[in-house]
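In what follows, a single structure is set out as structure tokens and then discussed.
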Amino acid sequence: MPFIVDLADVSDSDLPLVGGKAGKLGELVRQGLPIPPGIVVTTECYQAFVDQTTLALEIPAALATLDLERPESVDAVAKRIRSVFEATDFPEEMRAALEQAYRHYVESHDVRFSAVRSSATAEDLEGASFAGLQETYLNVTGTDEVLAGIRKCWGSLFTGRVLVYRARKGFDHLQVRLAVLIQKMVESAVSGILFTRDPNTGENHMIIEAGFGLGEAIVGGEVTPDHYVVDGMTQRIVHKQVSEQNFQVIRDDAGGNRREDLPADRRSVQKLTDDRIEQLASLARVIESHYRRPMDIEWCEDASGLYIVQARPITTIPSSSTAAPAPAPHTPAPAPHTQGVRAVTPPSHATASEPSSDAPIARGLGASPGIATGKARLLLKAAEMDRLKQGEILVTTMTTPDMVPAMTKSAGIVTDEGGMTCHAAIVSRELGVPCIVGTRTGTKAIADGAEITVDGKTGMVYAGRRVAEAPQGPPSTTAELGGSGGSADHGVPVTATKILVNIAIPEKAAEYARLPVQGVGLLRIEFIFTAHIREHPLVLIKRGKQAQLVEQLADGIGKVCQAFYPRPVIVRTSDFKTNEYRGMPGGEEFEPKEENPMIGWRGCSRYISPVYRPAFLLELEAIHKVRTEKGLKNAQVMLPFVRNTWELEQIAEMLKEAGLRRSRDLKLYLMAEVPSTVLLAREFAQHCDGFSIGSNDLTQLVLGADRDSETLGRMGYFDERDPAVLRAIELLIEGAHAAGKTVGICGQGPSVYPEFAEFLVRQGIDSISLNADTVVSTTRTIAALEQRLKLDGLRRGAA
């Protein structure tokens, strides 16, 4: 068997010879992807080096003294084995072969600097990534430095953290071998990591993190990278979070790497352009399609373009669900015990006391899902890790590989720095420990020894212990749920049309979040008014209880947003008619009697009126509170019963007054219920991000048929399949799409009438929001329709 092979000549089938990292990169070279050239020092070379030197005796002798329960024993064994690797010379023939291969590689590819990278046979596997555990040396040049780097990489097979991790995963220390990949260095202007699926939830989003310079600062958690989210179906960028970066890691001309401070005007700029994000997503889709599984990809960019420098399976996506339903902000609950998401709250926490405030004391990026409650242990150095007791929550600036033994004892982890791909995030996901990274102020805001609750899904840290009550009885939609997780398979096919769910009762949110939907298309807040607030809003204002109104609204909206986080929740502001408002306590004082409330003082006309404007501003304040104090930025806004563009101009100013400005992560939607929005769709589109068809109101106003009239209903006048209604929907979709806006529908029509669903799909509707009990059955119907339409198109093309 060869000691050295060219990277372009290997593939996944060569894993025993070249290890996981090199095997996958060689496979991608064959697929035509941009991979820097390299050579691989094989596992045969490693084994020959061990067999022909004193290591053949030293390694078993050292391992015989290993006691994994004693950190000092682990450190002593690791140091003993590594020192022998680094001090042992290559056998003469092996050295000559390595030198010759290296010279040929340098001359063939015009190489100045190389990365010397470990590639173990137990690495980048389905059940164990070994991410960042074996070592890599960057910007290495010259034969002597490269040969020294090879021995150091081999020795890193026996670091303390690798010994602990390998034992946890059930690998035999003497059976694992290490290849070394020597690869041309890319002069990285920007680098980072991409997940083809959300590693927390498994949802069909690509997560990209990017930072200036070499990727070591990102992986090490020294900087908080930019965070981009790309829709896995449309490949569109749906979220961008640009982070401040004060320094970058670059090559030091004297050898190795060094830090370089970034000028002030570059610290807060977007690291990767939108075009590059889309190009990177396209490369990632090719890789995921080739391997037929979610992938974790390392990449970098230089002046010539993008390069892929590593690809491995994501090992932490829950096996039967994408995420446990998140608890409400004021009562987090333990996560279900599934792979990658373990219950970490001890049973004794069931009688936890409520903290005094709903506001989090720190917030960051939820990097590993689950809920943990316990004592915070503030530790800033690896040498302090012995202070961490079993079940405590580790709070630190950033974690390092030397902290892994201590991390296995923690109930949760909070860091100041880092992103979804830093060391803390990767290790926490594999341990199944809730983790929040990039809080910036966690080590300052959290006191050592304080009782805290960590929500690894939403990225929130709360003071005190918070535990939710277990759900009472089975969910009413058990047949529909089929499991847990918002985007779990459940035997439900994937559709190009987004499937959302309608919610009226916040207490149902955790249950409905387990449905295979992509978010909430309609959150009706009227139930919060009638069941929780129970008084006319203007009465509360008159009595000086504005804060109570805001708090109760925010609590109800927050329950839904947290249950579905990070999936979007479209909150429709209140749409009571005057007869409904008059029925609330105190309503008669403020509500006029109208002969036809259906087309009276409702929706936007109510918001801009001087009488009701203060109450509407409190609704907006509640949404703002959910997005800022609770950190649930998946809350979006939708306005009902819109009649004119000039009323939207006034409401836009009110939104700004409430701190709600349209942006990438705050969308404004309009209910399309009044024919004016259909006839002037392009004009209305200038004031919003999308439309949602309210088919009941649109039908009654197009046909002049009162939706509440039993007589007209029995006579068949009220029917959303009427050609006039269908033509109105067709006009709306055509006009909205021409303006680059989305169109959805929230109603029972697609569930009740398959032909209506087919019409919507044919017209290119973007989303359909359904009642919970029809989600699975209607999704199957829509998937079958889409498949049939696709086949029809192929047949017409063939003809």
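The values are calculated or read from the model by the stated rules, or taken from the named source; none is laboratory data. What you are looking at is a predicted structure, and each value in this text was computed from that prediction instead of being measured. Here the Cβ is made from the backbone with ideal geometry for all residues, glycine too, and neighbour counts use every protein chain on show. When the accessible area is computed, the model is the full protein with side chains, heavy atoms only, and any ligands, DNA or RNA have been set aside. Shrake-Rupley method; radii C 1.70, N 1.55, O 1.52, S 1.80 Å.
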Please list, in order along region 176-184, the HN-Hα scalar couplings obtained from phi with the Karplus expression 6.51 cos²θ - 1.76 cosθ + 1.60 (θ = phi - 60°), rounded to whole Hz, x for Gly and Pro.
7, 10, 10, 9, 10, 9, 9, 10, 4
Under the rule a/c < 1.5 gives rounded, and otherwise a/b versus b/c splits prolate from oblate, where does region 15-58 land using the Cα gyration tensor?
prolate
Leading residue at positive end of dipole, the chain (Cβ point charges), from Ala62, Asn634, Met584:
Met584
May I ask which of Lys375/Lys559; Lys457/Lys545; Lys545/Lys630; Lys375/Lys630; Lys240/Lys457; Lys152/Lys184 have a Cα-Cα span longer than 30 Å here?
Lys457/Lys545
I'd like the orientation of helix 143-155 relative to the chain: the angle between its Cα long axis and the longest Cα principal axis, in ° from 0 to 90, rounded to 10.
70 degrees
Computed from the beta carbon distance with a Förster radius of 41 Å, FRET efficiency for Asp9 and Glu86 to the nearest 0.05 stands at 0.90
The simple spin-label model distance between Ser304 and Asp448, using points 7 Å out along Cα→Cβ, in nm, is 5.1 nm
Please list Thr397, Thr711, Thr53, Thr201 from largest to smallest accessible area, probe radius 1.4 Å, with all protein chains kept in place.
Thr711, Thr397, Thr53, Thr201
Given 0.36 nm per residue, what is the gain on full extension from Arg664 to Arg707 after removing their alpha carbon distance, in nm?
11.8 nm
Note to self: with every protein chain in place and a 1.4 Å probe, the chain gives an accessible area per residue in Å² of 40 Å²
Residues whose placed amide H lies under 5 Å from that of Ile693, excluding near-sequence neighbours:
Ala672, Gly744, Ile745, Cys746
Subtract the Cα-Cα distance of Gln763 and Glu551 from 0.36 nm times their separation in residues, and report this length gain in nm to one decimal.
72.2 nm
Thr143 accessible area, nearest 10 Å², 1.4 Å probe?
40 Å²
Would you mind telling me the share, in percent, of accessible area of the chain contributed by carbon and sulfur at probe 1.4 angstrom?
50 percent
Going highest first, how would you order 153-162, 261-270, 93-102, 577-586 by mean Cβ packing within 10 Å?
153-162, 577-586, 93-102, 261-270
Rounded FRET efficiency, nearest 0.05, which uses the C-beta distance separating Ala504 from Thr628 and R0 of 25 Å
0.50
How much net charge surrounds Ala362 when only other residues with a Cβ under 10 Å from its Cβ are counted (Lys, Arg +1; Asp, Glu -1)?
+2
Under a point spin-label approximation (7 Å from Cα along Cα-to-Cβ), what is the Thr530-Leu63 distance to one decimal in nm?
6.9 nm
With a 10 Å radius around each residue's Cβ, average the other Cβ atoms per peptide and rank 359-367, 607-615, highest first.
359-367, 607-615
Once the whole set of protein chains is in place, how much accessible area is left on Asp689, using a 1.4 Å probe, in Å² to the nearest 10?
30 Å²
Indicate, rounded to the nearest 5 percent, the antiparallel portion of the DSSP beta bridges found entirely in the chain.
65 percent
Kindly sort Asp67, Asp253 by accessible area of their heavy atoms, largest first, with the probe set to 1.4 Å.
Asp253, Asp67
Mean residue ellipticity (222 nm) of the chain, computed from DSSP H runs ≥ 4 via -39,500 (n - 2.57), nearest 500
-10500 deg cm²/dmol
Quick check: the angle from helix 775-798's long axis to the longest principal axis of the chain, C-alpha only, nearest 10 degrees?
80 degrees
Starting from the Cα of Gln100, step 7 Å toward the Cβ, then list every residue of region 1-38 with an amide N under 16 Å from that point.
1-6
Using per-residue counts of other Cβ atoms within 10 Å, averaged over each peptide, order 534-542, 29-37, 516-524 from highest down.
516-524, 534-542, 29-37
Taking amide H positions as placed in the peptide plane 1.01 Å from N, state which residues far from Arg377 in sequence (5 or more) or on other chains have amide H under 5 Å from it.
Ile393, Leu394, Val395, Gly449
What distance in nm separates the simple spin-label points at Arg293 and Glu244, each placed 7 Å from Cα in the Cβ direction?
4.1 nm
Reachable aspartates and glutamates, given that their alpha-carbon falls under 13 Å from the alpha-carbon of Lys271 and they are not under 8 places away in the same chain
Glu209, Asp226, Glu244, Glu301, Asp302
Run the numbers for Glu755 and Arg387: contour at 0.36 nm per residue of separation, minus the present Cα-Cα distance, in nm.
125.9 nm
Need the list of aspartates and glutamates near Lys389 for cross-linking: C-alpha distance under 16 angstrom, and skip anything on the same chain fewer than eight residues off.
Glu69, Asp448, Glu451
Treating the angle as unsigned and between 0 and 90°, give the value, to the nearest 10°, between the Cα long axis of helix 160-169 and the longest Cα principal axis of the chain.
60 degrees
If the cut-off is 19 Å between C-alpha atoms, which aspartates and glutamates fall inside it for Lys790, apart from same-chain ones fewer than 8 positions away?
Glu755, Glu758, Asp766
